[in-house]
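There's a structure below that I have some questions on.
Every number here is computed from the coordinates shown, using simple stated rules; none is lab data. Remember, it's a predicted structure, so these values are computed and weren't measured experimentally. All Cβ positions, even for glycine, are placed from backbone atoms using ideal geometry, and neighbour counts span all protein chains on display.
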Amino acid sequence: MRNRVIALYTALGLGYAFLYLPIVLLVIYSFNASRLVTVWGGFSTKWYGELAGDEKILNAAWLSLKVAVMNATLSTFLGTLAAVVLVRFRRFPGRTLFTGMITAPLVMPEIITGLAMLLLFVSMELTFGWPEGRSITTIVIAHVTFSLSFVTVIVQSRLAQMDISLEEAAMDLGARPAKVFLVITLPIIAPALLAGWLLSFTLSVDDVVISSFVTGPASTTLPIVIFSKVRLGVSPEVNALASIVVAIVSVGIVIFGIVTQRQERERQRSATAAAEDHAVEDHAAGHPRRGPARM
């Protein structure tokens, strides 16, 4: 038994080392004084200073941030509507086609999606004159196209687990459907909405393949800039930039974990309080709960 536990912990340690040791080394070498990323030349923060003065990277980072925020917001809104339709309306004409269109980007190769979006934008520009060129508009539309599917799946699973009697009780008391959704449904599925928003944000910031098809010379995202720099050799500036991204993502994960734990504790506390109130009402009504019968 002891040998089995040691083997499991060893496998777990090797797995975590395989995943996170390269990231740790990248962060360490971002403070390397030498321009050679594989040769340690002493501790220095000069590459962070040079990164702060690199206008090309800063513009690309700002563009990627704007695209990611717009993509995450639109994807969460549209994905929530799609999830509500799939869960609350079991049968309607075209449901199979609608479900297939929602889930298709999940299994579609990114290079096919990017090429299809490029052909679509070129055809629209020739026919309608919009969108003009490849810009932030085309990037956001392309990112929403594949991020929408992930949000829909996350919110749909949360809605499917939700007790629909809560909504029915609210409507029986006279609440309109819109108010029921805002007051009852929305707070319950809020963790799923937050998870979908963060996932869409991450997918947008990380995307290279689709973005390479729909970006133009004046709108280059940060992943494409990094990819172009890495093709010529890894520089300490790229290590510094990657370290900053790792730090931002780590802070976001910690905040999301704290918020999720607090919501779970509040839910458990509310459930306990409701059970206690129900027991008090039963006792006041003259129906105390009986223990197990004695033989």
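Compute the signed sum of charges (Lys and Arg +1, Asp and Glu -1) over the other residues within less than 12 Å, Cβ to Cβ, of G53.
Value of the local net charge: -2.
GNM on the chain, C-alpha springs below 10 Å: top fluctuator among A178, A218, A68?
Greatest mean-square fluctuation among the candidates belongs to A178.
Using alpha carbon coordinates only, what is the Rg to Rh ratio of region 180-227, with Rh defined as the Kirkwood radius?
Numbers: Rg = 16.3 Å, Rh = 12.9 Å.
With Rg and the Kirkwood Rh in hand, the quotient comes to 1.26.
Below 8 Å, C-alpha to C-alpha, sequence gap of six or more: please give me the relative contact order for region 54-233 in percent.
Worked out over region 54-233, it gives 41 percent.
Would you give the gap between the C-alpha center of region 173-218 and the C-alpha center of region 108-152, rounded to a whole Å?
So the two Cα centres are separated by 18 Å.
Let me ask you something else. Nearest 500 deg cm²/dmol is fine: what mean residue ellipticity at 222 nm does the chain get from its DSSP H runs of n ≥ 4 alone, each adding -39,500 (n - 2.57), divided by its residue count?
-25500 deg cm²/dmol
What does the charge count near P191 come to, summing +1 for each Lys or Arg and -1 for each Asp or Glu among other residues with Cβ under 14 Å from its Cβ?
Neighbourhood net charge equals +2.
Any chance you could list the semi-axes, whole Å, largest first, of the equivalent ellipsoid that the Cα gyration tensor gives for region 142-295, using √(5λ)?
Taking √(5λ) for each eigenvalue gives 50, 20, 11 Å, largest first.
Now a separate question. Around A142, what is the net charge, scoring Lys/Arg as +1 and Asp/Glu as -1 over all other residues with Cβ under 13 Å from its Cβ?
-1
I would also like to ask the following. Enumerate the lysines that K56 could reach by cross-link, defined here as Cα to Cα under 21 Å, with residues fewer than 8 away along the same chain left out.
Within the straight-line limit of under 21 Å, K56 reaches these lysines: K46, K66, K229.
State whether region 1-124 is rounded, prolate or oblate according to the following rule on the C-alpha gyration tensor (a ≥ b ≥ c being the square roots of its eigenvalues): a/c under 1.5 gives rounded; otherwise a/b larger than b/c gives prolate, and the remaining case gives oblate.
Verdict is oblate for region 1-124.
Another question about this same structure. Take each of the peptides 157-165, 194-202, average the number of other beta-carbon atoms within 10 Å over its residues, and list them starting from the highest.
Highest-to-lowest ranking by the protection proxy: 194-202, 157-165.
Let me ask something else about it. Just to be sure I understand, if you calculate Rg/Rh (Cα atoms, Kirkwood Rh) for this structure, which of (i) 1.09; (ii) 0.94; (iii) 0.98 do you get?
Only one listed value fits the structure, namely (i).
Let me ask something else about it. In a GNM of the chain with a 10 Å cut-off on Cα contacts, which of Y48, Y29, Y20 has the highest mean-square fluctuation?
Comparing Y48, Y29, Y20 in a Gaussian network model of the chain, the most mobile one is Y20.
Residue by residue through region 268-281, what is 3J(HN,Hα) from phi via Karplus (6.51 cos²θ - 1.76 cosθ + 1.60, θ = phi - 60°)? Round to whole Hz and write x for glycine and proline.
5, 5, 5, 5, 5, 5, 5, 5, 5, 4, 5, 5, 5, 5
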